[in-house]
Amino acid sequence: MNYLHSPRILIFCLPMNSSNMNIITFGCRLNACESDLIKDFALELGIIDFILINTCAVTAEAERKLLQTIRKLYNEDPNVKIILTGCASELNPTRYIKMNGVVGIISNKTKLSRSEYLKYASSKSISDIPDPKKVRGFLQIQNGCDQKCTYCVVRLTRGSNISFPEDEIVAQAQSLLKKGYKEIVLTGVNISSYGHDMNPKRNLAFIVRHLLKNVPSLTRLRLSSLDPADIDNDLMEVIKSEERLLPHIHESIQSGDNIILKRMMRRHNREQLIEINEKILSLRPDVVFGADIIVGFPTETDEMFLNTQKLLTEAKLSLLHIFQFSPRPRTPASLMPPIEKKVLQNRAKELKKFAHEILFKKLSEQVGKNVIVLAEDHVNAKTNSFLRVKSLEKLETGREYLFYCESVDKNAIIGRPVEKK
Ligand code: SF4
């Protein structure tokens, strides 16, 4: 998923004023994107006095935090009315519906259907919703996944790959730009499978070209997580030739050991990945690679772990999301022999430390250079390749700058704007 393939436990709280529906979002960017659309229904239908939680099941930790949140909301207000949707409630609705405060569950399949929300609508209209910062908007281009990665629970909760028609995607992009977003991130459960279910068959390169051609005002387009097995020559050609496609490739790599990759039922191996990344860099040298890595998959030996560690430098990965393996219900990996918890924790710690060193090196390479950044607020910005930037001078949110990189701290470039774009 996107970031299924980045199963971070992000908790987004899309705050509305206290009389309106709050939406709490766990998990991937796809969930965040969907919450944004649900928020539109909520505003339109005047849904008040409910809290909607868009749940995530990608790790055991995500579910633990969800349970904790529901309990906390109920303890704070025993009259709270919570509606759940998303992967955790999809996987185990009976568990969640019994919880205090939970009044309804909306299926993952219908969570973007406006009619699902009608029963929660009130007659009141909502007009005073604060407008959140509009910098980076997420555009969902597909849902579901046809692969069978053995650790993944999301394919069970989201069903098979369904790609959205190109006209709808163009309309969505136009709507996001109209709302004021400066950059669009293509998102989905597995965006690199875009169009594989269509007749005639399409691919991700097709939709990127189509979007850029039909939305000329879209100047900043970013891809979310890609399955390396789907990075074909056509996509590489797009990465090379479309300047408006930002030079940031995030890959769902998961392991650097070929046996573990087989046991995960991934479709790439470490040699192929190294070759893909070398080729991309030869076509577009400013690309920065990110990756999701799972540490401690069942049966992972020290040597296998070391192969993953070595891959980080061999495949020139810089922006890493490292996760400890946690068995998810009804997945084949949950039946495989687990590794000892302490070993798993130590490996995760070691790899995170190594990832920090790699990132620091990448950030340091920018010192002395001018780069283009997009301001996320008065201080924080991101380079086109998604490196974090902190500004010593006040920035204008949503504005692009040419930015001089003076120094680095542990996870960001420090510098100041040179000129507004
Ligand atoms: S099955 Fe694999 S490719 Fe599909 S969503 Fe899960 S991790 Fe991604």
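Here is a list of conditions, (1) of a type in the set (Val, Ile, Thr); (2) out of contact with any Ser or Thr (no Cβ under 9 Å at 6 or more places or on another chain); (3) part of a loop (DSSP other than H, G, I, E, B), and residue 150 meets all of them except one; can you say which number that is?
(2)
Restricting the search to the range 393-415, which residues are in a loop (DSSP other than H, G, I, E, B) and farther than 23 Å from residue 356 by Cβ?
Going residue by residue through the range 393-415, those that are in a loop (DSSP other than H, G, I, E, B) are 393-399, 409-412.
393, 394, 395, 396, 397, 398, 399 - these are the residues of the range 393-415 that are in a loop (DSSP other than H, G, I, E, B) and farther than 23 Å from residue 356 by Cβ.
Inspect all residues belonging to the range 123-145 and state whether any of them is in a helix (DSSP H, G or I) and either under 20 Å from the mean Cα position of the chain (by Cα) or β-branched (Val, Ile, Thr) (or both).
As a first pass, look at the range 123-145 and keep what is in a helix (DSSP H, G or I): none.
No, the conditions are met nowhere in the range 123-145.
What number of residues within the range 68-113 satisfy the criterion of being loosely packed, with under 14 Cβ neighbours inside 10 Å and within 21 Å of residue 325 (Cα to Cα)?
Matching residues across the range 68-113 total 1.
If residue 377 satisfies every condition in (1) in a loop (DSSP other than H, G, I, E, B); (2) within 22 Å of the chain's Cα centre (by Cα); (3) assigned by TED's automatic domain parsing to the domain that holds residue 155 but one, which is the exception?
Just one mismatch for residue 377, condition (3).
Out of the residues in the range 186-199 meeting the condition of being closer than 29 Å to residue 376 by Cα and out of contact with any helix residue (DSSP H, G or I) (no Cβ under 7 Å at 6 or more places or on another chain), tell me which one is farthest from the ligand (Cβ to nearest atom).
Only one residue fits best here, namely 186.
If we scan the range 152-164, do we find a residue that is touching a residue at least 40 places away in the same chain (Cβ under 8 Å) and over 28 Å from residue 62 (Cα atoms)?
no
In the range 221-238, which residues are under 18 Å from residue 318 (Cα atoms) and more than 16 Å from the ligand (Cβ to nearest atom)?
First pass over the range 221-238, keeping only residues under 18 Å from residue 318 (Cα atoms): 222-228.
Passing the criteria: only 222.
Scan the range 163-181 and give yes if some residue there is within 18 Å of the chain's Cα centre (by Cα), within 16 Å of the ligand (Cβ to nearest atom) and surrounded by 22 or more Cβ atoms within 10 Å (Cβ to Cβ), otherwise no.
yes
For the range 165-178, state whether one or more residues are in contact with a Gly (Cβ under 7 Å, 6 or more places away or on another chain) and in a helix (DSSP H, G or I). Break it down into steps so the answer makes sense when it comes.
The first filter runs over the range 165-178 and keeps only residues in contact with a Gly (Cβ under 7 Å, 6 or more places away or on another chain), leaving 176.
Add one more test, that the residue is in a helix (DSSP H, G or I), and what stays is 176.
There is at least one residue in the range 165-178 that is in contact with a Gly (Cβ under 7 Å, 6 or more places away or on another chain) and in a helix (DSSP H, G or I).
Let's see how each residue does on (1) more than 23 Å from residue 386 (Cβ to Cβ); (2) away from the ligand (no atom under 16 Å from the Cβ); (3) not assigned by TED's automatic domain parsing to the domain that holds residue 145:
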site: 268; (1), (2), (3): no, no, no
site: 274; (1), (2), (3): no, yes, no
site: 302; (1), (2), (3): yes, yes, no
site: 306; (1), (2), (3): yes, yes, no
site: 310; (1), (2), (3): yes, yes, no
site: 313; (1), (2), (3): no, yes, no
site: 318; (1), (2), (3): no, yes, no
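The values are calculated or read from the model by the stated rules, or taken from the named source; none is laboratory data. All values reported here derive from a predicted model rather than from experimental measurement. Virtual Cβ from ideal backbone geometry, glycine too; neighbours counted across all protein chains shown.
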